[in-house]
1. Going by the alpha-carbon gyration tensor, a ≥ b ≥ c the square roots of its eigenvalues, is segment 1-41 rounded (a/c under 1.5) or, if a/c is not under 1.5, prolate (a/b greater than b/c) versus oblate?
2. Direction-averaged shadow area of the convex hull around the Cα atoms of the chain, nm²?
3. Given H placed on each backbone N at 1.01 Å, which residues far from Gly56 in sequence or on other chains put an amide H within less than 5 Å of it?
4. Could you give the longest part of the chain that holds none of the GluC sites (Glu not before Pro) found in DSSP loops with at most 16 neighbouring Cβ atoms within 10 Å?
5. Using amide H atoms built in the peptide plane, which far-off residues or other-chain residues are under 5 Å from Arg8 H to H?
6. I need to check one value: relative contact order of the chain, counting alpha carbon pairs closer than 8 Å and at least 6 residues apart, in percent.
7. Among 43-53, 74-84, what's the highest-first ranking by average C-beta atoms within 10 angstrom per residue?
8. Taking the Cα centre of segment 28-75 as origin, work out the dipole magnitude from +1 charges on Lys and Arg Cβ and -1 charges on Asp and Glu Cβ, in debye rounded to 20.
Amino acid sequence: MKAIVRIRGMVDVERDVAETFQRLNLLRKYACVVLVNPAKEQLGMLKKVKDFVAFGDIDDKTFTELIEKRGQLIDKSGNINAKKMVEELKKGKKYKELNLKPFFRLHPPRKGIGTKLHFGIKNGVLGDNKEKINDLIGRML
């Protein structure tokens with residue numbers, strides 16, 4: 001499972017990158033999308049927007065916590081059973097079939113993003129964070 005968190009905004013974004021954001025449902029800053037079984041096309045879209053997002057492999061515990069705290073139902077009626085939804089998504093169901101919005105709105109991360117510009121070298125969270133994405137999402141919940 002891949003989690004994608006949008007870090008940068010829409011200012012000076014090229015048209016094809018903006019279209020890719022729309023296709024990934026990352027319309028706002030600090031929005032998060034979890035691709036359960038990413039297709040080849042989705043991984044190609046991820047390469048296109050890698051300079052604007054932080055992404056990595058999310059574990060089940062963080063994904064369950066993300067659905068519990070920030071998941072929203074489409075019709076706003078009923079409750080969210082996060083563990084059941086994670087299992088159903090892994091089996092191949094889609095978000096709309098589970099009455100769950102396909103994106104999560106997050107807060108800015110506590111203690112900052114961690115971007116530093118030091119001697120012209122950018123050390124931040126943009127790009128592939130592998131397992132550290134779980135820590136970033138935990139700070140944004």
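Read-outs: derived from the displayed coordinates by stated rules, not from any lab. Here the structure is a predicted model, which is why all the values come from computation and not from measurement. Using ideal geometry, Cβ is built from the backbone for each residue, glycine included, and neighbour counts are taken over all protein chains shown.
1. Details: a/c = 2.93, a/b = 1.51, b/c = 1.94.
Here segment 1-41 falls in the oblate category.
2. Working: hull surface 35.5 nm².
Averaged projected area of the chain's Cα convex hull equals 8.9 nm².
3. Counting only residues 5 or more places away or on other chains, the set is Ala3, Asn129.
4. Values: sites that count: Glu14, Glu131.
Maximal segment without exposed cleavage sites: 15-130.
5. Hits under the 5 Å cutoff: none.
6. Numbers: 202 pairs, mean separation 43.8, N = 141.
It rounds to 31 percent for the chain.
7. Values: 43-53: 16.2, 74-84: 10.4.
Taking the mean over residues of other Cβ atoms within 10 Å, the ranking is 43-53, 74-84.
8. Working: 9 positive and 8 negative charges, 68 e Å.
That gives segment 28-75 a dipole magnitude of about 320 debye.
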